[in-house]
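Student: Below is one structure. I have some questions about it.
What follows is calculated from the coordinates using simple rules that are stated; it is not laboratory data. As the structure is a prediction and not an experimental result, all values here were calculated from the model. As a convention, Cβ positions derive from the backbone with ideal geometry for all residues, glycine included, and neighbour counts pool all protein chains shown.
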Amino acid sequence: MDLSNLKPAKGSVKKEKRIGRGQGSGKGGTSTRGHKGAKSRSGFSRKIGFEGGQMPLYRRVPKFGFKNINRVEYHGINIDTLQKLAEEKKFNAIDPEILVENGLASKKDLIKILGRGELKLKLEVKAHAFSKSAIQAIEAQGGVATKI
């Protein structure tokens, strides 16, 4: 056996169905498209969502509300999380890079510090936004809350 006598397995290769090559072929006339109607015409393409003339789903379902394109989405991190992180890793300053390194936020997140929990350490915290209660908790311990 060599490359000159290689063949595909028997029955694996089928002949292409030749459509529209005259009446003698058995596939002439309507060329397997049936009689009349949009689907029998050349260049036919159905619109996305078309349901045969029935009112399509995207028009039957009521629509309400809107998506505010100017919304700023923050990733919230609570004070108790910062307390736990500072105790474990012995930090006295926390910024977004440290939070990303420790898996608490992703690189592109805007970070907002929220006020849940209790802070017992003096921390210097840098973030994109703070809640009022978070600022109070940080400054009550003598720390600094800095907006980036």
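Student: Okay, helix-only estimate at 222 nm for the chain: each DSSP H run of n ≥ 4 adds -39500 (n - 2.57), divide by all residues, round to 500 deg cm²/dmol; what do you get?
Tutor: -5500 deg cm²/dmol
Student: Order by neighbour count: 84, 14, 120, fewest other Cβ atoms within 10 Å first, most last.
Tutor: Placing the least packed residue first, the sequence is 14, 120, 84.
Student: Rounded to the nearest 0.05, what FRET efficiency do residue 129 and residue 61 give with R0 = 35 Å and r taken as the Cβ-Cβ distance? Could you check?
Tutor: So, using R0 = 35 Å, E works out to roughly 0.45.
Student: OK, next. Enumerate the amide H contacts of residue 76 below 5 Å, restricted to partners 5 or more residues apart or on another chain; note that Pro and chain-start residues carry no placed amide H.
Tutor: Correct list: 112.
Student: Relative to the first principal axis of the alpha-carbon coordinates of the chain, what is the inclination of helix 79-89, with its axis defined by its Cα atoms, in degrees from 0 to 90 and to the nearest 10?
Tutor: The answer is roughly 80 degrees.
Student: Need the full-extension length gain, residue 10 to residue 141, defined as separation in residues times 0.36 nm minus the C-alpha distance. One decimal, nm.
Tutor: Length gained, residue 10 through residue 141: 38.9 nm.
Student: Also: What does the extension gain come out to for residue 118 and residue 148, with contour length at 0.36 nm per residue minus their alpha carbon separation?
Tutor: Contour length minus Cα-Cα distance gives 8.5 nm.
Student: If you take the square roots of the eigenvalues of the alpha-carbon gyration tensor of segment 2-85 and sort them as a ≥ b ≥ c, do you get rounded (a/c under 1.5), prolate (a/b over b/c) or oblate?
Tutor: oblate
Student: Further, regarding this structure: Test of the criteria: in segment 85-148, which GluC sites (Glu not before Pro) are in a DSSP loop and have at most 16 other Cβ atoms within 10 angstrom of their Cβ?
Tutor: Counting only loop positions with at most 16 other Cβ atoms within 10 Å, the GluC sites (Glu not before Pro) in segment 85-148 are 118.
Student: List 100, 72 from most exposed to least, where exposure is judged by having the fewest other Cβ atoms within 10 Å.
Tutor: 72, 100
Student: List the longest stretch of the chain that has no exposed loop site; here a site is one of the chymotrypsin sites (Phe, Trp or Tyr not before Pro) assigned by DSSP to anything other than H, G, I, E or B, with at most 15 other Cβ within 10 Å.
Tutor: The segment 67-148 is the longest one with no such site.
Student: So if I place +1 on the C-beta of Lys and Arg and -1 on the C-beta of Asp and Glu, and nothing else carries charge, what would the dipole magnitude of segment 12-86 be about its Cα centre? I want it in debye, nearest 20.
Tutor: Here segment 12-86 has a charge dipole of around 860 debye.
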